[in-house]
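*Asks:* Here it is, the structure, as structure tokens.
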Amino acid sequence: MADQTRPLAGFTVGVTAARRADELGALLERRGATVLHAPALRIVPLADDSELLAATKQLLDHAPDVVVATTAIGFRGWLAAADGWGIGDALLACLHEAELLARGPKVKGAIRAAGLTESWSPASESMAEVLDRLLAEGVDGRRIALQLHGEPLPGFVESLRAGGAEVVGVPVYRWMPPEDLTPVDRLLDAVLARTVDAVTFTSAPAAVSLLNRAAERGQDAELLAALGHDVLAACVGPVTALPLQAQGLTTIQPERFRLGPLVQLLCVELPVRAALLPVAGRRLQIRGHAAVLDGELRPVPPAGMALLRALARRPGWVVSRADLLRVLPGAGQDEHAVETAMARLRAALGAPKLIQTVVKRGYRLALDPAAETKYSG
């Protein structure tokens with residue numbers, strides 16, 4: 001049977017994004033994923049903030065030689081705030097005279113929409129490439145305005161200042177923890193319980209916020225253990241991944257730092273991580289909350305998934321009822337709960353012969369005799 005299952009069917013993916021979360025969620029759901037949305041931060045515009053106003057006036061009083069625009073939303077917000085203060089035209093005139101560098105195509109579009117033209121934009125969308133260009137040109141004695149965007153820029157400002165530049169930071173917005181922490185706590189609980197298969201990060205502050213919340217709950221070590229072994233951490237790019245990598249975690253990132261490629265990467269990585277077993281003449285793949293049997297998705301209740309994962313850790317080996325009872329959520333001490341959950345699992349799979357009952361011992365997956373090896377888990 002041809003495998004017509006959508007690539008993310010049966011998997012649950014956590015989304016920590018605040019901005020463009022609906023777009024990311026729709027891309028994941030279109031490919032079959034169940035999405036658990038938990039915005040780990042919120043963006044606070046600084047239209048009334050004295051820091052942004054002071055930085056803008058400082059640039060108007062002493063024009064910059066170079067302006068580095070890093071995000072489209074930030075650049076548009078800066079111009080909108082200046083309009084509100086009655087200095088929008090003056091800011092546009094100031095930017096028109098400067099060498100205007102755009103970090104990527106989106107901010108390039110925002111620059112052109114404002115009637116301005118960028119001097120240059122890196123093909124990699126990397127701030128490291130922007131820094132290399134500036135240093136190669138020489139920055140000694142130059143005044144550089146940098147639109148800050150809430151994410152870490154390791155060594156960027158320090159390198160410019162070491163080269164003799166005067167750097168003026170333009171703080172267009174700030175990242176803050178979400179007002180309602182309930183969704184974040186729900187996501188953390190799911191990660192710790194391994195009921196999500198991956199968590200996506202589209203900004204470094206979101207990663208920091210999730211780590212901080214876990215620390216507040218006294219669960220930071222548990223979160224790192226889950227993300228380090230069982231739950232995939234997927235980042236939109238290397239800057240986003242920095243806070244996680246600083247904690248020793250391995251992350252995956254697409255070659256192009258966009259939501260679409262991020263989702264496509266998950267479509268490859270999650271199915272590869274799912275166990276695929278030759279059982280009773282069938283092909284059985286175990287996904288997060290479902291099984292795929294010969295290419296057909298079979299949703300399985302949580303208790304059944306717990307049993308199936310326990311059996312799959314040692315395919316072909318007998319797993320005792322006592323061991324299976326320990327993995328059942330809220331089962332207590334009655335081994336009859338294992339029999340009930342097993343009956344429902346077999347019904348959900350629609351193929352009772354996949355799981356054999358070994359009298360007085362327990363249950364085993366009916367691993368094909370032709371399989372080269374038995375797995376030790």
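*Asks:* Please go through the stretch 18-51 and give me each residue that is at pLDDT below 90 and either closer than 15 Å to A234 by Cα or not in a strand (DSSP E or B) (or both), ordered by number. Spell out the reasoning first.
*Replies:* Of the stretch 18-51, the ones at pLDDT below 90 are 18-21, 41-51.
A18, R19, R20, A21, L41, L46, A47, D48, D49, S50, E51, listed by residue number.
*Asks:* Quick check on my filter: what residues within the stretch 103-157 are open to solvent by 60 Å² or more (accessible area, probe 1.4 Å) and polar (S, T, N, Q)?
*Replies:* Hits for the stretch 103-157 are T117, S119.
*Asks:* Same structure, new question: From the list S209, S320, which residue is modelled with pLDDT under 95, more than 22 Å from the chain's Cα centre (by Cα) and of a type in the set (S, T, Y)? Break it down into steps so the answer makes sense when it comes.
*Replies:* On the way: S209 fails: more than 22 Å from the chain's Cα centre (by Cα).
Every option except S320 fails the conditions.
*Asks:* While we're looking at this one, here's another question. Scanning the stretch 287-315 for residues that are open to solvent by less than 10 Å² (accessible area, probe 1.4 Å) and in a strand (DSSP E or B), which turns out nearest to V231 (Cα to Cα)?
*Replies:* A290
*Asks:* For G169, which of the numbered conditions (1) within 22 Å of T71 (Cα to Cα); (2) surrounded by 20 or more Cβ atoms within 10 Å (Cβ to Cβ); (3) out of contact with any Ser or Thr (no Cβ under 7 Å at 6 or more places or on another chain); (4) not charged (D, E, K, R) fails to hold?
*Replies:* (2)
*Asks:* Out of A274, A280, I need the residue that is closer than 25 Å to K353 by Cβ and either open to solvent by 20 Å² or more (accessible area, probe 1.4 Å) or basic (K, R) (or both). Which one?
*Replies:* From the options A274, A280, the qualifying one is A280.
*Asks:* Since T34 meets every condition but one in (1) closer than 18 Å to A98 by Cβ; (2) open to solvent by 40 Å² or more (accessible area, probe 1.4 Å), which condition does it not meet?
*Replies:* Every condition holds for T34 apart from (1).
*Asks:* I'd like to check something: does the stretch 229-239 contain any residue that is crowded, with 21+ Cβ neighbours inside 10 Å, in contact with a helix residue (DSSP H, G or I) (Cβ under 9 Å, 6 or more places away or on another chain), modelled with pLDDT of 95 or more and of a type in the set (V, I, T)?
*Replies:* For the stretch 229-239, residues crowded, with 21+ Cβ neighbours inside 10 Å, in contact with a helix residue (DSSP H, G or I) (Cβ under 9 Å, 6 or more places away or on another chain), modelled with pLDDT of 95 or more and of a type in the set (V, I, T): present.
*Asks:* Among (1) open to solvent by less than 40 Å² (accessible area, probe 1.4 Å); (2) touching a Leu at 6+ places or on another chain (Cβ under 8 Å), there is one condition R174 misses while meeting the rest; what is its number?
*Replies:* So R174 meets the others, but not (1).
*Asks:* Would you check if there is a residue in the stretch 69-83 being free of Cβ contacts under 8 Å to residues at least 24 places away in the same chain and not in a loop (DSSP other than H, G, I, E, B)? Walk me through how you get there before you give the answer.
*Replies:* First, the residues of the stretch 69-83 that are free of Cβ contacts under 8 Å to residues at least 24 places away in the same chain: 83.
Within this subset, residues satisfying the condition of being not in a loop (DSSP other than H, G, I, E, B) are 83.
Yes, because at least one residue in the stretch 69-83 is free of Cβ contacts under 8 Å to residues at least 24 places away in the same chain and not in a loop (DSSP other than H, G, I, E, B).
*Asks:* Just give me the residues in the stretch 130-155 being out of contact with any Lys or Arg (no Cβ under 7 Å at 6 or more places or on another chain) and at pLDDT below 90, in sequence order.
*Replies:* L148, H149, E151, P152, L153, P154, G155
*Asks:* Evaluate the stretch 85-100: report whether one residue or more is buried (at least 20 other Cβ atoms within 10 Å of the Cβ), closer than 26 Å to G237 by Cα and without any contact (Cβ under 8 Å) to a residue 60 or more places away in the chain.
*Replies:* Yes, some residue in the stretch 85-100 is buried (at least 20 other Cβ atoms within 10 Å of the Cβ), closer than 26 Å to G237 by Cα and without any contact (Cβ under 8 Å) to a residue 60 or more places away in the chain.
*Asks:* With the structure loaded, tell me whether P171 is in contact with a helix residue (DSSP H, G or I) (Cβ under 6 Å, 6 or more places away or on another chain) and not hydrophobic (A, V, I, L, M, F, W, C) or whether it fails that test.
*Replies:* Numbers: in contact with a helix residue (DSSP H, G or I) (Cβ under 6 Å, 6 or more places away or on another chain): yes; not hydrophobic (A, V, I, L, M, F, W, C): yes.
So P171 passes the test.
*Asks:* Does the stretch 356-377 include one or more residues that are open to solvent by less than 50 Å² (accessible area, probe 1.4 Å), closer than 30 Å to V199 by Cβ and either in contact with an Asp or Glu (Cβ under 7 Å, 6 or more places away or on another chain) or part of a helix (DSSP H, G or I) (or both)?
*Replies:* No, the stretch 356-377 has no match at all.
The values are calculated or read from the model by the stated rules, or taken from the named source; none is laboratory data. It should be emphasised that the depicted structure is a prediction, and the values quoted were computed from it without experimental measurement. Note that we place each Cβ from the backbone using ideal geometry, even for glycine, and neighbour counts take in every protein chain shown. Surface areas here come from the heavy atoms of the whole protein model, side chains and all, with no ligands, DNA or RNA. Shrake-Rupley method; radii C 1.70, N 1.55, O 1.52, S 1.80 Å.
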